[in-house]
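Accompanying notes for the structure given below.
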Amino acid sequence: MSEPRELYDAILGGNAKKAEAVTREALATDADPGELISRYMIPAMDEVGKRFECNEYFVPELLIAARAMKTALELITPQLAAKGVKRAGRVVIGTVQGDLHDIGKNLVASMLEGGGFEVIDLGVDVPPEKFVAAVQGQQGSILALSALLTTTMTMMKTVIEALVKAGVRDTTKVMIGGAPITQQFADEIGADGYSDNASTAVALARKLVSST
Amino acid sequence: MKIPFTPVIYEHAAQFVGRTPWEVSRDPELMFEGHRRAYLEYHQQVIAVAIDIYNLEAEAYGAKVAASTPDAIPAIHQPLLSSLEEGIALKPFDPQRDGRIAMMLAVAQRLKREFPEADVRLPVGGPFSIAFNLRGINDLCLDAALRPEVLAKMLMRLAENQAVLCRAVAQAGLDVAFFESAAAPPILSPKQFHEIEMPALRRVLEIASECVGHPVPCISGGNTYPVLDDILSTGTNYLACNVETNQAAFVERVCRTHPHVKIRVNLDPGVVACHDPQRIYRAIDHVLEITAGRTNCVMGTGAMPLETPPSNMRLIREYLAD
């Protein structure tokens, strides 16, 4: 018989099969799904992030941990929904128009899913109006914009302007990232946050959710 | 000049013919003219003939390259390989038939005829950079964590397959501009780099060196200081020192242990392209401080953004000449 505590270890070690087995057992014995998330899963992903920050974990470890987390979440989500428990937040993510690069965007999306967020991935080369449509009617959404190129990063400002024009800027938090992006650029275009890696992106998303 | 300066020109060449990177990457006349004019302007140490260097081998293997908007840099969006086993079974492409390799070789030869004094090279990708496009970053990183031995095998296959390209480059009377941009931390850990990447990296550099008759530069992206000993162990004679790494420690280590190895200490391409001279000067001063007059160091850039004003290069040169 597994202990729920093993879920923490399974996620930290990126063991998706173990995470699935422990979660199944826990749910079968009427464990509280909300508690599984708050006591074991989120702390595990927090620890993954810390290890990444101090160069103990690298991108492969981030991804297998996020995958293990996602596996467990898929089992837990229906029960959470039945009990009316909400996800950590809703994030619409995409690479801005004119940019086909998805490396950073995919890493951030995986980590956010692993962090308990509902992630709507619009893909690459996303026009501003598509970002706007994805957050309209979804108060409190986070919009995560990615760009790899200096030529396309300016499109982030266009997206923010489109949010303003559509009247949804005040109800949407905007976070940005990508190789050429800096905090200074984020401040200049009026984004709510900037992250330079997938790990800190999750912490930033949590911070933005708590500030809404 | 306080230190030799050499920019890295790929997509930036498109600016010199006023066409998009996509157009220039597919048209031999535009590619020739773009690189010709760029060289006349910059006289950089190496003419590396390409626009989208990361796509060449993957496209030759059959991956589809696309550009969404006119000024976008062409990229591969759909991974070609659904498993590592497919990668292990990959046969070498034919440089004379597949993708744009033959076109690139012809343009490079033409540039060599135009500028006999120039060091004209064709980009040759490292195994991880090729695998990155063939498998996609997420799958490749999962492979590194879950099936490292099989991934190492696939990388070795890709390394061996590069022999046809290196031979074609040598037979065309050209040289190799080798790059391996994605394998260093934070993508792979130093341990993963050593165990998964190094055997294939060492092999492909051996192959390239044999083909051209001398050691070839090893231009690696990312935070390379933690894997510097591994990279130096390949016998390369030229390294790039990126802004993503501890440049001071990198230069100090190479100069102490391998003083014959040349180092291109890069400025941040974002700074090189900016419109703030003071910011550029600060970046130059930083590199000058790190290199401290060492004769095996040159100042460079990462791949210069398309929109970089050529006047910034003049500004850098003038500042270095003062």
Inset, instruction - Subtracting the Cα-Cα distance from 0.36 nm times the residue separation, let me have the gained length for A:Lys50 to A:Lys86 in nm, one decimal. - result: 10.4 nm
Legend entry - Residues of the range A:54-83 buried by at least 10 Å² on assembly (accessible area, 1.4 Å probe, chain alone as reference): A:Phe58, A:Val59, A:Pro60, A:Glu61, A:Leu63, A:Ile64, A:Arg67
Legend entry - Helical mean residue ellipticity (222 nm; -39500 (n - 2.57) per DSSP H run of 4+; nearest 500) of chain B: -14000 deg cm²/dmol
Legend entry - Span-like helix ranges in chain B, DSSP H, alpha carbon extent 30 angstrom or more, Kyte mean at least 0.0: B:148-171
Legend entry - FRET E, pair B:Leu146, A:Thr182, Förster distance 25 Å, beta-carbon r, rounded to 0.05: 0.15
Legend entry - Separation in nanometres of the label points that stand 7 Å from Cα toward Cβ, at A:Glu3 and B:His214: 6.4 nm
Inset, instruction - Determine ³J(HN,Hα), in whole Hz, for all residues of the range A:129-135 in sequence, where each value follows from phi through the Karplus function 6.51 cos²θ - 1.76 cosθ + 1.60 and θ = phi - 60°; x replaces Gly and Pro. - result: 5, 6, 4, 4, 4, 6, 9
Inset, instruction - Report the local net charge at A:Glu20: Lys and Arg +1, Asp and Glu -1, summed over other residues whose C-beta lies under 15 Å from its C-beta. - result: +1
Legend entry - Equivalent ellipsoid, the range B:235-288 (semi-axes from 5 times Cα gyration tensor eigenvalues, Å): 25, 10, 8
Inset, instruction - Apply 1/(1 + (r/R0)^6) to the Cβ-Cβ distance of A:Gln136 and B:Arg256, taking R0 = 45 Å, and write down the FRET efficiency to the nearest 0.05. - result: 0.15
Inset, instruction - Before anything else, pin down the relative contact order of the range B:29-85: Cα pairs under 8 Å, at least 6 apart, normalised by residue count, whole percent. - result: 24 percent
Inset, instruction - List the lysines whose Cα lies under 29 Å from the Cα of A:Lys83, skipping any in the same chain that are fewer than 8 positions away. - result: A:Lys17, A:Lys18, A:Lys70, A:Lys173, A:Lys207
Legend entry - Local net charge near B:Arg282, Cβ-Cβ under 12 Å (Lys/Arg +1, Asp/Glu -1): -3
Legend entry - 15 Å reach of a label modelled at B:Arg37, 7 Å along Cα-to-Cβ, counting backbone N of the range B:293-322: B:306-311
Legend entry - Cysteines without a disulfide-compatible partner [the protein assembly as shown; Cβ-Cβ under 4.7 Å]: A:Cys54, B:Cys141, B:Cys218, B:Cys241, B:Cys255, B:Cys274, B:Cys297
Inset, instruction - Please list the equivalent ellipsoid semi-axes of the range B:1-108, computed as the square roots of five times the alpha-carbon gyration tensor eigenvalues, in descending order and whole angstrom. - result: 28, 16, 14
Inset, instruction - Please label the shape of the range A:86-212 as rounded, prolate or oblate, based on the square roots a ≥ b ≥ c of the eigenvalues of the alpha-carbon gyration tensor (a/c under 1.5 means rounded; beyond that, a/b larger than b/c means prolate, else oblate). - result: rounded
Legend entry - Label-point separation, B:Glu160 to A:Glu25 (7 Å along Cα→Cβ), nm: 4.4 nm
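The values are calculated or read from the model by the stated rules, or taken from the named source; none is laboratory data. Computed from a prediction, not measured in an experiment: that's the story for all the values here. Don't worry about glycine lacking a Cβ; one is built from the backbone with ideal geometry, like all the others, and counts go over all protein chains shown. What goes into the accessible areas is simple: the full protein's heavy atoms, side chains included, and nothing from ligands, DNA or RNA. Shrake-Rupley method; radii C 1.70, N 1.55, O 1.52, S 1.80 Å.
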